[in-house]
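Peer 1: Here you go, one structure.
The values are calculated or read from the model by the stated rules, or taken from the named source; none is laboratory data. What you see is a predicted model; the values in this text were computed from it and never measured. Counting neighbours? That spans all protein chains shown, and the Cβs are built from the backbone with ideal geometry, glycine included.
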Amino acid sequence: MKSLGRQIVESLVFSLVLCGLVLLVQQIGTQKPLVHPYIWSIMVFSGVLGMIVVAIAHWGMSTMDAQSRPNIFLGLTVLRMLLSMAFIGITLYMGIEDRVLWVVNFFAVYLFYLVFEITTILSNLRAISGEGEKQ
């Protein structure tokens, strides 16, 4: 299993790469913008939520038995989804211009983070199951 520090660094590097990708897409000159001006609120929310998921996943992987670990993965996915739905609801309720573009940007970032978390959590599960087979 990867250390918490390494997981945090990987998550931060992923967040920075995603920010670079957003900046790159912002530079593309089209008639209609591809990136909403409030994309950075989405990026901050997703980055903070990503750190929370990393911390909870590490805690669960290190303290819970092997039978409970898949439930951690499912629970974290549901937690991310519910918190994201709340963030979307609050933001849309408060009023924002060009709602469709904002929601599209949100789900693009959401899916990038979700795929990243799935791959990192699965790599942890593989490492843990490999340790169990050696014993």
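This table checks each residue for (1) out of contact with any Pro (no Cβ under 8 Å at 6 or more places or on another chain); (2) exposed (fewer than 14 other Cβ atoms within 10 Å of the Cβ); (3) more than 27 Å from Leu23 (Cβ to Cβ).
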{"position": "Val44", "(1), (2), (3)": "yes, yes, no"}
{"position": "Gly47", "(1), (2), (3)": "yes, no, no"}
{"position": "Val53", "(1), (2), (3)": "yes, no, no"}
{"position": "Trp59", "(1), (2), (3)": "yes, yes, yes"}
{"position": "Gln67", "(1), (2), (3)": "yes, yes, yes"}
{"position": "Leu83", "(1), (2), (3)": "yes, no, no"}
{"position": "Ile90", "(1), (2), (3)": "yes, yes, no"}
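Peer 1: Grab the helices (runs of 4 or more DSSP H) fully contained in the range 1-110, keeping just those with 2 or more residues being basic (Lys, Arg).
Peer 2: 69-94
Peer 1: While we're looking at this one, here's another question. Scan the range 6-42 for residues that are surrounded by 14 or more Cβ atoms within 10 Å (Cβ to Cβ), under 18 Å from Thr120 (Cβ atoms) and β-branched (Val, Ile, Thr) and jot them down.
Peer 2: Ile8
Peer 1: Would you call Ser41 of a type in the set (S, T, N, Q), at negative phi and modelled with pLDDT of 85 or more?
Peer 2: Spelling it out, Ser41 is indeed of a type in the set (S, T, N, Q), at negative phi and modelled with pLDDT of 85 or more.
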